[in-house]
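Since every read-out is calculated from the coordinates, none of them should be taken as a lab result. All values reported here derive from a predicted model rather than from experimental measurement. Positions of Cβ are backbone-derived with ideal geometry, glycine not excepted, and every protein chain shown enters the neighbour counts.
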Amino acid sequence: MASSGFSWTLPDHPKLPKGKPVAVVVLDGWGEANADQYNCIHVAQTPVMDSLKNGAPERWRLVKAHGTAVGLPSDDDMGNSEVGHNALGAGRIFAQGAKLVDQALASGKIYEGDGFNYIKESFENGTLHLIGLLSDGGVHSRLDQLQLLLKGASERGAKRIRVHILTDGRDVLDGSSVGFVETLENDLSQLREKGIDAQIASGGGRMYVTMDRYENDWDVVKRGWDAQVLGEAPHKFKSALEAVKTLRAEPNANDQYLPPFVIVDDSGKAVGPVLDGDAVVTINFRADRMVMLAKALEYADFDKFDRVRVPKIRYAGMLQYDGELKLPSRYLVSPPEIERTSGEYLVKNGICTFACSETVKFGHVTFFWNGNRSGYFDETKEEYVEIPSDSGITFNVAPKMKALVCTLE
Ligand SMILES: O=C(O)[C@@H](CO)OP(=O)(O)O
């Protein structure tokens with residue numbers, strides 16, 4: 001035992017037999033709720049889960065995967081993979097990004113840290129760009145946090161602000177993008193009345209523009225880069241409201257997959273490309289779908305796609321998205337410090353572990369599971385297997401995804 005009283009040594013489990021493998025299978029999206037006709041799991045045929053539940057009811061346990069049980073601000077907050085895997089992997093509850101940002105905004109500390117002071121240097125002569133998911137879903141970002149940041153930054157000297165929106169429709173209802181854009185446009189017009197040059201500059205649906213994860217499809221990030229940084233996109237509109245209304249009128253349109261667009265002035269020029277001397281903040285607090293853009297914005301050496309023009313900017317994330325890579329190096333709010341996770345305990349006790357998932361969920365069972373840490377604790381005792389995900393498809397048409405291949409591994 002260390003002098004602090006802390007020890008990595010795990011006592012034997014009172015019931016689990018020694019030397020036998022233990023499987024942790026995360027059924028993403030599975031849960032217990034009111035048993036009514038609106039509950040798809042209840043109305044589906046689920047013989048395997050039924051036999052597990054009914055075969056040994058004394059061993060059947062439910063865990064709470066939403067709200068304060070997983071470190072979210074309130075019990076009205078739905079769960080998600082980040083907070084669920086963090087809590088399961090660590091076996092403890094940590095205040096999560098959503099809550100930490102709320103606290104930093106409420107106390108004003110967000111404006112006192114190194115991250116904000118760094119971007120503030122650009123306010124006098126440059127533009128402040130805010131890039132992120134526009135909804136009140138609370139999984140990756142929250143509209144009210146964006147609203148407070150807009151207010152706070154403008155009160156602290158930001159004179160020219162451009163917002164690059166990603167429409168949601170995944171954590172919130174499809175079609176709700178129009179209402180969120182209306183709300184944001186209203187806020188920005190109030191800022192304009194106060195003499196601040198504030199506009200939405202570009203947009204696109206989150207799953208088609210920018211918010212890919214685990215390097216599944218860099219084209220998604222490139223489409224965002226072209227619109228947000230270069231000011232180029234196949235669709236050009238005079239306003240974001242016109243953009244989302246027009247693009248949603250297309251057959252089979254969906255907020256998640258809206259094509260990229262830029263807002264142009266009367267002469268057809270993009271109103272908000274990112275230029276030398278500007279500041280950029282990626283406003284999502286959740287890491288997985290911001291890391292790729294963070295790499296494109298921050299890395300001098302970057303070969304995932306041709307960035308064409310790499311502006312000299314001051315960039316900060318809402319949080320630091322990867323503690324191991326220290327990415328981004330500047331951030332407005334410190335991320336939760338999740339340490340002593342189960343994976344680390346296991347290798348320190350000489351127990352070998354194996355983690356397997358497909359690309360779009362791979363970081364859930366490694367990065368999130370290990371407390372937002374990429375890489376191995378001890379390569380000699382851990383094996384991580386990534387099954388390549390299909391790309392270029394929407395998973396609602398292939399919901400089985402790679403479950404079978406993962407099982408065979
Ligand atoms: O796809 C995602 O990013 C989220 C929903 O926004 O789902 P999950 O938490 O299951 O990863």
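For the residue pairs K236/K402; K120/K326; K99/K245; K109/K361, the C-alpha atoms sit more than 26 angstrom apart in K236/K402; K99/K245; K109/K361. Take the chain, connect every pair of alpha-carbon atoms lying under 10 Å apart with a spring to form a Gaussian network, then pick out the residue of K109, K53, K151 with the largest mean-square fluctuation. Result for the chain, Cα springs under 10 Å: K53 fluctuates most.
Label-to-label distance, W60 versus A300, with points set 7 angstrom from Cα along the beta-carbon direction: 6.0 nm. Give me the distance between the Cα centres of region 56-122 and region 237-313, rounded to whole Å. Region 56-122 and region 237-313 have Cα centres separated by 26 Å. Across the alpha-carbon atoms of region 97-333, the computed radius of gyration and Dmax are 16.0, 47 angstrom. Once backbone amide H atoms are built at 1.01 Å from N, L327 has Y321, D322 as its partners under 5 Å, excluding neighbours fewer than 5 places away on the same chain.
So in region 97-333, what percent of DSSP beta bridges are antiparallel if you round to the nearest 5? Once the DSSP bridges in region 97-333 are tallied, antiparallel ones form about 10 percent.
Basic side chains Lys and Arg get +1 at the Cβ, acidic Asp and Glu get -1 at the Cβ, and with that the dipole of the chain about its Cα centre reaches some 420 debye. Against the chain, whose longest principal axis comes from its Cα atoms, helix 81-90 is set at around 40 degrees. Pick from V139, V70, V397 the residue whose mean-square fluctuation is largest in a GNM of the chain, springs joining Cα atoms under 10 Å. Looking only at V139, V70, V397, the biggest GNM fluctuation is shown by V397. When the label point is put 7 Å from the Cα of T407 along its Cα-to-beta-carbon vector, which residues of region 42-71 have a backbone N closer than 11 Å? Counting only backbone N, you get 48-49. Quote the convex hull volume per residue of the chain, based on C-alpha atoms, as a whole number of Å³. Each residue corresponds to 171 Å³ of Cα convex hull volume. By other beta-carbon atoms within 10 Å, ranking R156, R170, R286 with the fewest at the front produces R156, R170, R286. By other beta-carbon atoms within 10 Å, ranking R309, R59 with the fewest at the front produces R59, R309. Measuring nothing but how far apart in sequence close Cα pairs (under 8 Å, 6+ apart) lie, relative to its length, the chain scores a relative contact order of 16 percent. Look at the dipole of the chain built from charges on Cβ: of V347, A296, G132, the Cα furthest out on the positive end belongs to V347.
Ranking P21, L10, V271 by Cα position along the charge dipole of the chain, where only Lys, Arg, Asp and Glu carry charges on their C-beta atoms, puts L10 farthest toward the positive end. In a simple Cβ point-charge model (Lys, Arg +1; Asp, Glu -1; nothing else charged), region 97-333 has a dipole of about 320 debye relative to its Cα centre. Mean residue ellipticity, 222 nm, helices only, the chain: the sum of -39500 (n - 2.57) across DSSP H runs of n ≥ 4, divided by residue count and rounded to 500, is -8000 deg cm²/dmol.
For region 259-300, the ratio of Cα radius of gyration to the globular rule of thumb 2.2 N^0.38 Å stands at 1.46. Measuring between alpha carbons in the structure, the pairs from K222/K269; K194/K269; K269/K295; K18/K348; K20/K381 lying more than 18 angstrom apart are K222/K269; K194/K269; K269/K295. Exposure proxy ranking for I110, I263, I93, based on other Cβ atoms within 10 angstrom of each Cβ and starting from the fewest, stands as I93, I110, I263.
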